[in-house]
Amino acid sequence: MSPIYVPGKLTLRKEFVWNETVWNPSMITTALWLDAADASTITESGGAVSQWDDKSGNEKHAIQSSSALRPSYSSNKVIFDGTELMQLPSGLATLNSVSLFVVGRYVASVGVDNYLVFANGGGTDERFYNGRVDATLTEFIWSVENLIDIDTITFSTSTAILGLTHGSNIASPYYNGAALTTASRSKTTTLANWFLGGVNASTPRLDGELQEVILLNSVPPTVIRQKIEGYLAHKWGLTANLPAGHPYKLVGPTP
């Protein structure tokens, strides 16, 4: 603490400095944790990303074996150019509870359905994704269960914290720590096929960037969800985006 001199009064000021030792996803149980700020998790081949390591301890690494489909890596970001994608292993998520938090952004729209993260259960009616953008470049869309939209917001190319929890047949989207409209949605199959930046062989793909991806096999209590949002906001310089009432708008979360 450092003293602040005011005539006739001595005031002590406590300064808070946020860093990853204060609170981070290693302090909770994660199904997947991809962190582009950790360069040791990025494997590059020919200047492109062939593997992005999972920090959850589950070894669910994102891979791309085709050199033509590999994104690039620069300035703590995995960068997709509209033709690339990475695949994640099966078995990432349980049937009834799953939560996804993503830091990323779109650079431009390359057509309908540009995905930051996409998953399905092997059919057309079981899809879970975060941050789809429509063909007119006007909206972010959160959706599960047969592509039925949950909620939308005005599209922006700014980096954002995108969240979606899905449990007890209730899907709840979040944008920069602010809750949007929840919806009743069920899931009948486990989400088996997961991708970053696209949908298997389908096009178009993401023209944008991913910085961090956190997946939970649960719907966390509010206090944990807000810690995740606060961690991401302070780490990636997005605190101005958090709503005024967010508990971590001014300081990062503590254990």
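Miscellaneous remarks
- Considering region 95-115, and only residues there that are under 15 Å from S158 (Cβ atoms) and either modelled with pLDDT under 85 or in contact with a Gly (Cβ under 9 Å, 6 or more places away or on another chain) (or both), the residue that is surrounded by the most Cβ atoms within 10 Å (Cβ to Cβ) turns out to be G104.
- Only a single item in (1) farther than 13 Å from Y115 by Cβ; (2) polar (S, T, N, Q); (3) at pLDDT 80 or above; (4) surrounded by 17 or more Cβ atoms within 10 Å (Cβ to Cβ) is not met by N169, and it is number (4).
- Candidate set: region 173-199, residues that are touching a residue at least 40 places away in the same chain (Cβ under 8 Å) and polar (S, T, N, Q); chosen: the one most open to solvent (accessible area, probe 1.4 Å): T188
- Test: residue in region 196-205 that is at pLDDT 90 or above and out of contact with any Lys or Arg (no Cβ under 9 Å at 6 or more places or on another chain): yes
- Single unsatisfied condition, P204 versus (1) closer than 22 Å to S158 by Cβ; (2) buried (at least 18 other Cβ atoms within 10 Å of the Cβ): (2)
- Checked across region 212-228, the condition of being under 13 Å from Y115 (Cα atoms), open to solvent by 10 Å² or more (accessible area, probe 1.4 Å) and in contact (Cβ under 8 Å) with a residue 24 or more places away in the chain holds for no residue.
- Considering region 63-110, and only residues there that are among the charged types (D, E, K, R) and part of a loop (DSSP other than H, G, I, E, B), the residue that is farthest from G198 (Cα to Cα) turns out to be R70.
The values are calculated or read from the model by the stated rules, or taken from the named source; none is laboratory data. If you're wondering where the values come from, they're calculated on a predicted model, not measured in any experiment. Cβ: placed from backbone, ideal geometry, glycine included. Neighbour counts: every protein chain shown. Note: areas computed on protein heavy atoms with side chains; ligands, DNA, RNA excluded. Shrake-Rupley method; radii C 1.70, N 1.55, O 1.52, S 1.80 Å.
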